[in-house]
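Trainee: Before I ask anything, here is the structure I am working with.
The values are calculated or read from the model by the stated rules, or taken from the named source; none is laboratory data. Values in this document were obtained by computation on a predicted structure and should not be read as measured data. Note that each Cβ is placed from the backbone with ideal geometry, even for glycine, and that neighbours are counted across all protein chains shown. Accessible surface areas use protein heavy atoms only, side chains included; no ligands, DNA or RNA. Shrake-Rupley method; radii C 1.70, N 1.55, O 1.52, S 1.80 Å.
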Amino acid sequence: MLLPTRDTTLTMMTASLTVLGIESSCDETAVAVVRRDAAGTQVLSSVIHSQVMQHAVYGGVVPEIAARSHVETIDDLAARALAEAGDVTIDAVAATAGPGLIGGVMVGLSFAKGFALARDLPLIAVNHLEGHALSARLTEDVAFPFLLLLVSGGHCQLLSVKGVGDYERLGTTIDDAAGEAFDKIAKVLGLGYPGGPALEACAKSGDASRFTLPRALLGRKDCDFSFSGLKTAAAKIAHEEVRTEQDRADLCAAVQNAIARQLVERSERAMASFRQQNAVTSPAFVVAGGVAANATVRTVLQAAAGRKGFVFVAPPLKYCTDNAAMIALAGLEHFDQSGKGDGLDVQARPRWPLDEIRAAEAPVHKKAGRKGAKA
Ligand code: KG4
Ligand code: ZN
């Protein structure tokens with residue numbers, strides 16, 4: 001069906017912008033209202049419904065269950081977010097349009113289209129990764145350009161964030177994301193889902209030096225990541241050598257250290273190339289995504305930033321993991337910059353690289369498939 005493309009250009013930019021944000025790309029349904037005015041950026045409301053219990057029994061996210069759950073909860077969440085925001089006028093609606101599980105993305109984007117149409121508001125289709133990329137600006141005045149490490153269950157990338165809509169990929173994973181590695185190894189160890197927090201808790205009483213795990217891509221000097229070798233080695237040790245609670249804790253500690261070490265090594269390389277490209281005195285090194293919740297990962301990355309003269313910034317945990325405030329902010333920043341929204345015929349995209357140029361020139365997965373480049 002061809003929907004009308006409306007002229008959503010604001011004739012005069014207002015001093016204040018209030019945006020409703022919608023997120024539904026994975027297993028969290030989230031709605032938020034964010035305002036920016038002379039006083040700065042404020043999150044007026046941010047409500048999240050986590051589906052984690054619905055997926056836990058399957059040991060991972062089941063796309064069909066996720067999409068149905070988004071449909072069932074999005075109305076109530078939107079009503080709650082609007083009520084909590086108080087008596088505000090919404091200027092625009094922003095929704096994640098990809099990348100992500102397509103059924104879920106379509107639910108949130110369709111809801112946003114309906115809302116925009118009913119209230120005659122501009123619609124902004126947001127890249128979920130851009131939400132993470134800009135999330136630090138919800139609470140801190142992080143200036144462009146900055147270096148971003150995005151580490152979540154679906155993504156592991158180093159990006160130079162030069163401005164709104166202007167991203168250069170410095171490194172990405174060639175197989176699993178870091179959070180995915182945490183989740184898969186935790187599953188093998190019988191720690192349940194989501195695995196990251198469970199593995200971190202188990203690692204607390206472990207001796208990280210007991211098991212030796214492989215280091216990935218040793219011959220390469222770029223900023224790419226790889227976690228599949230680590231996953232295979234950990235699974236082998238789990239099957240052959242883990243018998244007691246102490247064995248399990250020792251392996252968890254070794255895995256956590258190995259992941260943290262790889263994140264640090266690649267981040268340090270990215271810091272060096274960021275410095276070559278940008279003459280900025282104390283640039284920010286922002287760490288976003290669910291894995292940033294891991295205390296070991298945070299500590300070693302913070303130390304690396306200090307060594308290299310970067311200011312370490314990690315958004316509060318509630319904005320590190322999936323949320324709609326970051327989507328509202330990304331929409332707001334785009335709208336503030338261009339004064340324009342997207343047409344109501346904008347499509348949901350399962351794949352949507354932030355740095356489309358680099359993704360096309362140097363695809364990580366040689367066969368991009370008909371859906372386009374993966375990372
Ligand atoms: O950003 P996020 O909420 O969702 C996306 O993947 O977009 O990240 C979720 C990921 C999961 O893989 C989860 O296991 C991981 O973040 N995670 C952690 C911790 N908390 C969440 N990984 C390691 N340690 C944690 N404490
Ligand atoms: Zn995410």
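Trainee: With axes computed from alpha carbons, what is the tilt in degrees of helix 245-277 against the longest principal axis of the chain, rounded to the nearest 10 within 0 to 90?
Mentor: The angle comes out at about 60 degrees.
Trainee: Over 29 Å between C-alpha atoms is what I'm after, so list which of 236/308; 113/318; 184/318; 187/318; 187/221 land there. Each step should come with its number before you reach the end.
Mentor: On the way: 236/308 36 Å; 113/318 26 Å; 184/318 23 Å; 187/318 24 Å; 187/221 31 Å.
Distance filter (> 29 Å) returns 236/308; 187/221.
Trainee: By what distance, in whole Å, do the Cα atoms of the stretch 222-321 stretch along each of the three principal axes, largest value first?
Mentor: 52, 31, 21
Trainee: Extension gain residue 311-residue 120, at 0.36 nm per residue separation less the Cα-Cα distance, in nm? Each step should come with its number before you reach the end.
Mentor: Values: separation 191, 0.36 × 191 = 68.76 nm, distance 4.17 nm.
In short, 64.6 nm is gained.
Trainee: Provide 320, 26 ordered by accessible surface of protein heavy atoms (probe 1.4 Å), highest first.
Mentor: Working: 320 0, 26 40 Å².
Putting 320, 26 in descending order of accessible area: 26, 320.
Trainee: Enter the Cα centre distance for the pair the stretch 209-241 and the stretch 57-104, rounded to the nearest angstrom.
Mentor: The stretch 209-241 and the stretch 57-104 have Cα centres spaced 36 Å from each other.
Trainee: Kindly identify the stretch 176-220 as rounded, prolate or oblate by the Cα gyration tensor criterion: order the square roots of the eigenvalues as a ≥ b ≥ c, call it rounded if a/c is under 1.5, otherwise compare a/b with b/c, prolate if a/b is larger, else oblate.
Mentor: Details: a/c = 2.52, a/b = 1.31, b/c = 1.92.
In terms of gyration-tensor shape, oblate.
Trainee: Another question, if that's okay. Just the number, please: percent antiparallel of the DSSP beta bridges in the chain, rounded to the nearest 5. Please report the intermediate quantities before stating the final value.
Mentor: Working: 30 of 47 bridges.
Around 65 percent of the beta bridges assigned by DSSP in the chain are antiparallel ones.
Trainee: Suppose we look only past 31 Å in the calculated P(r) of the chain. What percent of the Cα-Cα pairs does that tail hold? Mind showing how you got there, number by number?
Mentor: On the way: 24720 of 70125 pairs.
That tail contains 35 percent of the Cα-Cα pairs.
Trainee: Calculate the FRET efficiency for residue 275 and residue 217 from the Cβ-Cβ distance with a Förster distance of 25 Å, rounded to the nearest 0.05.
Mentor: Numbers: r = 22 Å, r/R0 = 0.88.
Calculated transfer efficiency: 0.70.
Trainee: Between helix 228-241 and the chain, what is the angle of the helix's C-alpha long axis to the longest principal axis, kept within 0 to 90° and rounded to the nearest 10?
Mentor: Approximately 50 degrees, to the nearest ten.
Trainee: If you project the alpha carbons of the stretch 31-183 onto the principal axes, what extent comes out on each, in Å, largest first?
Mentor: Principal-axis extents of the Cα atoms in the stretch 31-183, largest first: 45, 42, 22 Å.
Trainee: Another question about this same structure. So if I place +1 on the C-beta of Lys and Arg and -1 on the C-beta of Asp and Glu, and nothing else carries charge, what would the dipole magnitude of the chain be about its Cα centre? I want it in debye, nearest 20. Please report the intermediate quantities before stating the final value.
Mentor: On the way: 38 positive and 41 negative charges, 236 e Å.
Using only the charged Cβ atoms, the result is roughly 1140 debye.
Trainee: Let me ask another. Name the most mobile residue of 193, 58, 319, meaning the one with the largest mean-square fluctuation, in a Gaussian network model of the chain with Cα contacts below 10 Å.
Mentor: Taking springs between Cα atoms under 10 Å, the residue moving most is 58.
Trainee: Got the relative contact order for the stretch 245-375 handy, in percent, Cα pairs under 8 Å and 6 or more residues apart?
Mentor: Working: 96 pairs, mean separation 24.0, N = 131.
Value for the stretch 245-375: 18 percent.
Trainee: Which listed residue (262, 145, 341) has the Cα farthest towards the positive end of the charge dipole for the chain, taking +1 on Lys and Arg C-beta and -1 on Asp and Glu C-beta about the Cα centre?
Mentor: It is 262.
Trainee: With axes computed from alpha carbons, what is the tilt in degrees of helix 178-188 against the longest principal axis of the chain, rounded to the nearest 10 within 0 to 90?
Mentor: 50
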